[in-house]
Amino acid sequence: MENRIERALSSYYIKKITVTQICQELEISRVAFYYRYRTREKFLADLVVKQLNKFLLSSKYGDLTRRVHVLIEAISENPIFWDNVARTIMHEPEAGRIIERGIYMALKIYAENRGPYSNSTLKRVAMNLHHTGFFWAHHGFREHPHVLFHVVEPLVKEIEQQAELIDHIEYPCLRDKT
């Protein structure tokens, strides 16, 4: 069901897709749609968060750096969908916050599975990934995915290195006093 909607959003700009069409694809009433999402833009943001989770939380792509690389390749192969995302964020700030929160939650789940992590670092990295990705999509740099990857790679590496860094910190209060 969501795949059909994703295909539609990959073929048509969001302004050409009506709530009625979305409701028919989802087989729900308009009332149920508006109760859950309120706008098409918030629906798109929710769909984007699910797509981000598919890439960022799937272990089949390897470490987080590789997952982000695969995500960027997918973005560059689907320009209309991501142009819809950029337009949505521009016109609906709440959608941008939903996407940023989705990135943060995916990073948090990834970090929790690796060991100790800094919550403030995850929030900063999620915000930077969101803003960098939006700038990249909005300003038409989709034909250069390697540029985006080189910009976000240090942010991703920082999360991967957190558990390693914490392992090497000495805590004076925990030393053996014998």
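The values are calculated or read from the model by the stated rules, or taken from the named source; none is laboratory data. For clarity, every value in this text was computed on a predicted model and none was experimentally measured. Glycine also receives a Cβ, built like all others from the backbone with ideal geometry; neighbour counts cover every protein chain displayed.
Some observations on this one:
- Unique residue being within 21 Å of HIS150 (Cβ to Cβ), hydroxyl-bearing (Ser, Thr, Tyr), touching a Lys or Arg at 6+ places or on another chain (Cβ under 9 Å) and in contact (Cβ under 8 Å) with a residue 12 or more places away in the chain when the list is THR88, THR132, THR65: THR65
- Screening the candidates GLU41, GLU73 for the property of being part of a helix (DSSP H, G or I) and either out of contact with any helix residue (DSSP H, G or I) (no Cβ under 7 Å at 6 or more places or on another chain) or closer than 21 Å to LYS15 by Cα (or both) yields one hit, GLU41.
To keep it simple, each residue is scored yes or no on (1) touching a residue at least 60 places away in the same chain (Cβ under 8 Å); (2) closer than 21 Å to VAL151 by Cα.
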position: GLU73; (1), (2): yes, yes
position: ILE80; (1), (2): yes, no
position: ASN119; (1), (2): no, no
position: ALA126; (1), (2): no, yes
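- Residue satisfying condition, being farther than 30 Å from GLN161 by Cα, crowded, with 17+ Cβ neighbours inside 10 Å and under 14 Å from the mean Cα position of the chain (by Cα), within set LEU64, LEU44, LEU52, LEU56: LEU44
- Being out of contact with any strand residue (DSSP E or B) (no Cβ under 7 Å at 6 or more places or on another chain) and over 30 Å from LYS16 (Cα atoms) is a condition met by no residue of the range 76-94.
- Of all the listed residues (ARG97, ARG87), the sole one being farther than 18 Å from PHE55 by Cα and surrounded by fewer than 16 Cβ atoms within 10 Å (Cβ to Cβ) is ARG97.
- Residue pairs whose Cβ atoms lie under 6 Å apart, separated by 6 or more positions or on different chains, with the first residue in the range 40-62 and under 18 Å from ALA86 (Cα atoms) and the second at pLDDT below 80 and outside any helix (DSSP H, G or I), are GLU41/GLU92.
- Subset of the range 91-117 [touching a residue at least 12 places away in the same chain (Cβ under 8 Å), over 15 Å from the mean Cα position of the chain (by Cα), more than 23 Å from GLU160 (Cβ to Cβ) and in a helix (DSSP H, G or I)]: HIS91
- Qualifying residue in the range 128-137 (condition: surrounded by fewer than 21 Cβ atoms within 10 Å (Cβ to Cβ) and over 13 Å from the mean Cα position of the chain (by Cα)): yes
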